[in-house]
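Remarks on the structure that follows.
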Amino acid sequence: MVSLQSILFSIIILVVLPASCVFQEVRYTNAVSPAKGIATLTDFLDTKHPADIYKIETFVEDVKDYIVVTGVFNPPYLALPAGPPQYIFAKNGRLIEWCRDSGDAQPFLRKWSYFDKAQKISAEDARKWVNSN
């Protein structure tokens, strides 16, 4: 005979734990997604708390200048991203592309193969860089 305790334990393992993982993934995606209406680097920097930004870098890809903003890698418990979010902005400041999980985003990483040539800049310098174009 199966005990009530083993039935409850099975329910927790089979239902509650996976549902919690899904909830945390959705929560993480919502937290790192650019807010609605965010189209430029200036808008993005105005809405993000500085503590949410790990680094800002400039790079050249196919003879075009870009800025990449890498978010802090701090997923909530039970969310499973393999890397931090990254946001790509064109020289005019427009948001080009972003990914919530740069650790598992192989197509994103292949497309934006800038890592060996990126140069770190401050948020203030990034604003100046965009405003000068």
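The values are calculated or read from the model by the stated rules, or taken from the named source; none is laboratory data. If you're wondering where the values come from, they're calculated on a predicted model, not measured in any experiment. Cβ: placed from backbone, ideal geometry, glycine included. Neighbour counts: every protein chain shown. Just so you know, the surface numbers come from the protein's heavy atoms only, side chains and all, with ligands and any DNA or RNA stripped out. Shrake-Rupley method; radii C 1.70, N 1.55, O 1.52, S 1.80 Å.
Taking each residue of segment 5-31 that is modelled with pLDDT under 85 and looking for partners that are acidic (Asp, Glu) with beta-carbon atoms closer than 9 Å, six or more apart or interchain, yields TYR28/ASP101. Residues in segment 1-10 that are in a helix (DSSP H, G or I) and not hydrophobic (A, V, I, L, M, F, W, C) were compared, and the one that is most open to solvent (accessible area, probe 1.4 Å) is GLN5.
Identify, please: which residue in segment 113-122 is surrounded by 15 or more Cβ atoms within 10 Å (Cβ to Cβ) and modelled with pLDDT of 85 or more and is, among those, nearest to VAL63 (Cα to Cα)? This residue is ALA118. Contact map, segment 119-133: first residue within 12 Å of ALA90 (Cα to Cα), second residue among the aromatic types (Phe, Trp, Tyr) and open to solvent by less than 100 Å² (accessible area, probe 1.4 Å), Cβ cut-off under 9 Å, separation 6 or more or different chains; pairs are ALA126/PHE89; VAL130/PHE89. Residues in segment 62-86 that are among the polar types (S, T, N, Q) and within 30 Å of LEU17 (Cβ to Cβ) were compared, and the one that is most open to solvent (accessible area, probe 1.4 Å) is ASN74.
So in segment 56-94, with the set limited to residues that are touching a strand residue (DSSP E or B) at 6+ places or on another chain (Cβ under 6 Å) and aliphatic (A, V, I, L, M), which one is farthest from THR42 (Cα to Cα)? The residue in question is VAL72. The residues in segment 35-51 that are at pLDDT 90 or above and not hydrophobic (A, V, I, L, M, F, W, C) can be counted, and the count is 5.
How many of the residues making up segment 11-61 are open to solvent by 50 Å² or more (accessible area, probe 1.4 Å), touching a Ser or Thr at 6+ places or on another chain (Cβ under 8 Å) and of a type outside the set (Phe, Trp, Tyr)? Walk me through it before giving the result.
Going residue by residue through segment 11-61, those that are open to solvent by 50 Å² or more (accessible area, probe 1.4 Å) are 11-19, 22-23, 26-27, 30-31, 35-37, 43, 46-47, 49-52, 54-55, 60.
Keeping just the survivors that are touching a Ser or Thr at 6+ places or on another chain (Cβ under 8 Å) gives 35, 54-55.
Okay, now just the ones that are also of a type outside the set (Phe, Trp, Tyr), so 35, 55.
Summing the residues that are open to solvent by 50 Å² or more (accessible area, probe 1.4 Å), touching a Ser or Thr at 6+ places or on another chain (Cβ under 8 Å) and of a type outside the set (Phe, Trp, Tyr) in segment 11-61 gives 2.
Residues that are open to solvent by 10 Å² or more (accessible area, probe 1.4 Å) and outside any loop (DSSP other than H, G, I, E, B) were ranked within segment 87-102; the one that is farthest from GLU61 (Cα to Cα) is CYS99.
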